[in-house]
1. The stretch 137-190 to the stretch 353-368: how many Å between their Cα centroids?
2. Determine ³J(HN,Hα), in whole Hz, for all residues of the stretch 48-64 in sequence, where each value follows from phi through the Karplus function 6.51 cos²θ - 1.76 cosθ + 1.60 and θ = phi - 60°; x replaces Gly and Pro.
3. Around Ala252, what is the net charge, scoring Lys/Arg as +1 and Asp/Glu as -1 over all other residues with Cβ under 13 Å from its Cβ?
4. Could you run the Karplus curve 6.51 cos²θ - 1.76 cosθ + 1.60 with θ = phi - 60° over the stretch 276-293 and give me ³J(HN,Hα) per residue in whole Hz, x for Gly and Pro?
5. What is the packing order of peptides 11-23, 130-142, taking the mean over residues of other C-beta atoms within 10 Å and listing the highest first?
6. So, by mean Cβ neighbours within 10 angstrom, what's the order for 263-276, 43-56, 365-378 with the highest one leading?
7. Taking amide hydrogens as modeled 1.01 Å from N in the peptide plane, which residues meet the under 5 Å criterion relative to Glu434, leaving out close sequence neighbours?
8. Over all directions, how big on average is the projection of the convex hull of the alpha-carbon atoms in the stretch 58-209, in square nanometres?
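None of the figures in this text is laboratory data; all of them are computed from the coordinates on show. None of the values given here were measured: they were computed from a predicted structure. Cβ coordinates were reconstructed from backbone atoms using ideal geometry, including for glycine residues, and neighbour counts include every protein chain displayed.
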Amino acid sequence: MRLIKLLVDEANKQSVVDVLETENIDFVVTKNDSERRDTVLVEFPLPTQAVGYVIDELREAGVDDRKYTVIASAETAKTRNYHQLEERFVAGVEENDAVAREEIRAKALDMHRSKLTYYSMTMFSAIVAAAGLLMDSPAVVVGAMVIAPQVGSALIAGVGISLNDRRMIRIGFAQQFFGFGAAILGAFALGMLLQSGQIVTSVLDVSTVSQISKRISPGLLSLLVGLCAGAAGAFGLATALPVSLVGVMIAAALIPAAAAIGIGLAWGLPSVYLGASVLLVANAVAVNVSAFLVLWYLGYRPDSWTENTREVNNGESTTETNDRSQYFGAAAALLLLGGIFAGAGGLLVGQMGFDNDVNTAVEQVMQNDRYSELELTSMRTEVGMTRYFGQTPEVTVVVMRPADETYPNLAATLRKQIRQETGRDVAVSVEFREGQHAGQSLRAPVQVVENR
């Protein structure tokens with residue numbers, strides 16, 4: 001529920017009263033005792049869902065709401081007609097969760113943090129995420145997302161583009177850009193510290209760590225995380241839904257990738273930091289673009305797109321010509337994001353095509369009668385992006401085999417079929433797990449066969 005406080009001129013008071021009475025809104029008019037004695041303060045409670053509609057009606061009636069308008073939260077209201085407004089806007093034919101443009105701007109800016117707080121929390125989150133990646137611990141990586149403040153900067157930028165608020169665009173993108181730098185720096189510093197203290201050996205191939213390999217071989221599913229996170233954040237911001245939980249998802253799309261870049265730099269592995277960079281850029285653009293598209297779909301536009309004529313200052317009218325040229329700055333920012341997205345998306349499409357070809361080749365081999373007793377447990381293409389950097393992609397296949405059976409040529413067969421299907425040479429590792437029939441226990445991997 002919201003309490004609206006609107007300061008209007010005496011000349012426009014009747015216009016406000018007419019709108020409120022037409023909509024059956026209970027209100028109070030108070031004479032202004034300040035220096036401007038020709039104004040009055042109009043107060044009225046509204047369901048949150050009705051704020052945007054009523055303010056638009058007041059604007060169409062010629063009321064200038066730029067002088068003094070306060071939209072405050074309220075707990076409850078007992079007035080003659082308030083229950084009718086609830087029936088109408090909360091659960092009736094005009095049900096709508098969207099909030100007013102003024103409120104969405106304020107909600108986004110409320111998530112803005114000082115530089116010290118924002119960059120410190122980002123760096124702490126990246127350090128924890130980097131530790132979780134090196135430990136191969138999904139729980140630690142998820143925990144790092146809880147303290148990450150990325151939701152604020154992402155949604156500030158999305159709202160800024162939607163409303164053509166250049167100050168918000170500048171704040172949002174600047175925080176994201178320098179925040180990613182702080183995250184990468186934090187992860188890099190941790191990696192160097194671990195190596196110098198011999199806590200983690202520098203000869204460790206971090207690209208083979210499961211949690212890291214998932215961030216350096218991005219695919220469609222990785223991209224969907226960013227798209228859905230940005231869209232959900234925009235829905236939460238533009239409605240009465242909470243944004244806090246969505247913030248964890250936005251951070252999950254960004255911080256682990258930034259931490260993987262820092263780790264790759266610390267270990268000097270181009271395939272790691274370049275692959276993770278593609279994922280970070282793609283997800284960052286996906287979050288911003290999807291947030292903007294959702295806000296656009298919900299009807300959030302610059303004020304100059306929806307205003308034509310207003311009555312201001314003693315009844316004089318001013319015509320605003322829908323100067324959409326003001327929107328060019330936001331449109332240019334969106335086009336730039338789209339260009340970056342297209343470039344990163346092209347790499348992702350190539351990665352997905354390569355992964356699909358690998359999957360097809362492995363399935364073809366496993367369908368051979370010689371391997372009918374084998375059961376494919378899992379498969380992953382590690383460092384699949386390395387083919388862009390002149391390195392050999394690695395494919396790991398995990399299969400369950402009958403006890404005491406050996407398949408020494410499986411890795412070579414897979415490598416040959418994958419090379420035939422993809423046209424590229426790959427390094428193949430096969431992990432065997434021994435097992436019997438369903439219901440009986442499985443034993444740990446007993447053999448790893450590699451073919452390089």
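1. 38 Å
2. 3, 5, 9, 4, x, 4, 5, 5, 5, 5, 5, 5, 5, 7, x, 7, 8
3. Values: positive: Lys214, Arg215; negative: none.
In short, +2.
4. Taking θ as phi minus 60°, the curve returns 5, 5, 4, 5, 4, 5, 4, 6, 4, 5, 4, 4, 5, 5, 5, 4, 4, 5 Hz for the stretch 276-293.
5. 130-142, 11-23
6. Descending mean neighbour count gives 263-276, 43-56, 365-378.
7. Here the answer is Arg401, Arg443, Val446, since their amide H atoms fall under 5 Å of that of Glu434.
8. Working: hull surface 57.3 nm².
Average of the hull's projected areas for the stretch 58-209 equals 14.3 nm².
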